[in-house]
Amino acid sequence: MEIKKVGVVGCGLMGRGIAEVSARAGHDVVVSEINQELLDKGLAAINASLTTAVGRGKATEADKAAALGRIKGTIETGNFKDCDLVVEAAVENLELKKKVFADLDKICPEHAILASNSSCLSILDMAMMTKKPDKVLGMHFFNPVPVMRGLELVKTILTSDETLKAADSFGKSIGKTVFTAQDAPGFITNRLFIPFALDAIRLLEAGFATKEDIDQAIVLGLNHPMGPLTLSDYVGLDTTYFIAEAMYEEFKDPRYAPPPLLKKMVTAGQFGRKSGKGFYDYK
Ligand code: CAA
């Protein structure tokens, strides 16, 4: 099945990136938000990202205009009625996501593939809200979506090979290299990243090294683009905590248990880059 028209639920950080890369690759896109204010904010961010792409020589002014012309913003979920693929990128709340999937199942055409961008929640739980769970999978994108090269597909025990194949072709069509994980909290990437980040936080908490030295050891010693504390701030400490909790809940492995320092920072509203303060100051 060829995916031509793409729907994206949510025009926050991830949703707008997914909408942008899809439109840049030539797909028609419908992207939704829960109100006009959030939608306008998301669409303005897409415009700004495309301007950056032009400034960096990654796109021309004509590419930018064409991509913007392919994106339709909406606050009506009914506008997903002729989409071949809908990617849900709403907030990480399973009950909310289950409702989105139940609604999409009623609105979208029979052939449509429904995907979730969740980084840790059960894709199967969402699939079971639909009449065609074989057409449901995870499509886990990475921030910043226009720059990151990978796309993690998540296969439940009910996802069909045909669905996986169509999602794989779509991923390639938007310039991503695709890899596939099983449906278990954290998938591949966070199953490895989260214990790594939590261990970095534990080292800091134990006074073993400074935050700068921990990050520099990984950037300069292992050639990662960001150290684990900087990356946790970038992902969001609330998100890091949420994923760790979901993984600990499922596996009961103490490696995934959020360290007290992370919990305290989240309680104090120190969410990292998005709140202006995390391990580092962003004000
Ligand atoms: N559109 C297209 N291209 C763009 C762009 C845009 N809007 N903005 C920047 N670029 C391009 C730049 O031109 C540059 O390209 P070249 O390498 O060809 O020159 C490239 O993207 C990098 O841009 P910058 O030079 O501005 O940025 P940088 O080199 O300082 O890197 C970074 C910034 C990409 C964020 C890098 O630090 C990095 O990769 N960090 C790690 C990010 C990461 O791990 N993200 C995943 C988080 S986990 C997640 O999202 C999911 C989860 O489950 C929690």
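Between the range 112-142 and the range 239-262, the C-alpha centres lie 22 angstrom from each other. Charge dipole of the chain (Cα centre as origin; +1 on each Lys and Arg Cβ, -1 on each Asp and Glu Cβ, all else neutral): 380 debye, rounded to the nearest 20. Amide H contacts for THR180 (H built 1.01 Å from N in the peptide plane; partners 5 or more residues away or on another chain; cut-off under 5 Å): LEU153. Entry note, the chain: the mean residue ellipticity at 222 nm calculated from DSSP H runs of n ≥ 4, each adding -39500 (n - 2.57), is -15000 deg cm²/dmol after division by the residues and rounding to the nearest 500. GNM remark for the chain: springs join alpha carbons under 10 Å apart, and the peak mean-square fluctuation among SER119, SER169, SER22 falls on SER169. Just checking the listed ones, LEU222, LEU261, LEU203: in the Gaussian network model of the chain with Cα springs under 10 Å, the one fluctuating most is LEU222.
Taken about its Cα centre, the range 121-175 carries a charge dipole of about 120 debye when Lys and Arg each add +1 at the Cβ and Asp and Glu each add -1 at the Cβ.
Distances between placed amide hydrogens fall under 5 Å for THR156 paired with GLY138, all partners being 5 or more residues away or on another chain.
Near ALA66, once Lys and Arg are set to +1 and Asp and Glu to -1 for all other residues with Cβ below 15 Å from its Cβ, the sum equals +1. Between the amide H of GLY272 and those of LEU237, LYS277, GLY278, distances stay under 5 Å, these residues lying 5 or more places away or on another chain, with hydrogens modeled in the peptide plane. Scan the range 196-283 for chymotrypsin sites (Phe, Trp or Tyr not before Pro) in coil per DSSP, keeping those whose Cβ has at most 16 other Cβ atoms within 10 Å, and list them by number. Sparse-neighbourhood loop chymotrypsin sites (Phe, Trp or Tyr not before Pro): PHE208, TYR280, TYR282. Counted over the range 5-182 with a bin width of 10 Å, the fraction of Cα pairs per bin, in whole percents, is 11, 42, 36, 10, 1.
Of the trypsin sites (Lys or Arg not before Pro) found in the range 163-267, those that fall in a DSSP loop while having at most 14 other beta-carbon atoms within 10 Å are LYS252.
Of all lysines in the structure, those lying under 30 Å Cα to Cα from LYS211, and not within fewer than 8 positions of it along the same chain, are LYS252, LYS263, LYS264, LYS274, LYS277, LYS283.
ASP281 versus LEU220, label points 7 Å from Cα toward the beta carbon: distance in nm? Label at ASP281, label at LEU220, 2.3 nm between them.
Taking MET14, MET265 and ordering them by how much accessible surface each has at a 1.4 Å probe, largest first, produces MET14, MET265.
In plain terms, the chain is cut at each of the GluC sites (Glu not before Pro) found in a DSSP loop with at most 11 other Cβ atoms within 10 Å, and the longest leftover piece is 111-283. Ranking LEU204, ALA53, MET126 by how far each Cα lies toward the positive end of the dipole of the chain (charges on Cβ) leaves ALA53 at the top. According to the Kirkwood relation over distinct C-alpha pairs, the hydrodynamic radius of the range 191-275 is 12.8 Å. Evaluated with a Cβ-only charge set (Lys, Arg +1; Asp, Glu -1), the range 227-272 carries a dipole of roughly 160 debye about its Cα centre, given to the nearest 20. Just going by the charge dipole of the range 5-182, with Lys and Arg at +1 and Asp and Glu at -1 on Cβ, which of VAL178, VAL100, VAL154 is farthest out on the positive end? Of VAL178, VAL100, VAL154, it is VAL178. Beyond 27 Å in Cα-Cα separation lie the following of the pairs LYS4/LYS98; LYS97/LYS176; LYS58/LYS155: LYS58/LYS155.
The values are calculated or read from the model by the stated rules, or taken from the named source; none is laboratory data. Computed from a prediction, not measured in an experiment: that's the story for all the values here. So basically every Cβ, Gly included, is an ideal-geometry build from the backbone, and we count neighbours across all protein chains shown. Remember, those area values only see protein heavy atoms, side chains included, never the ligands or the DNA or RNA. Shrake-Rupley method; radii C 1.70, N 1.55, O 1.52, S 1.80 Å.
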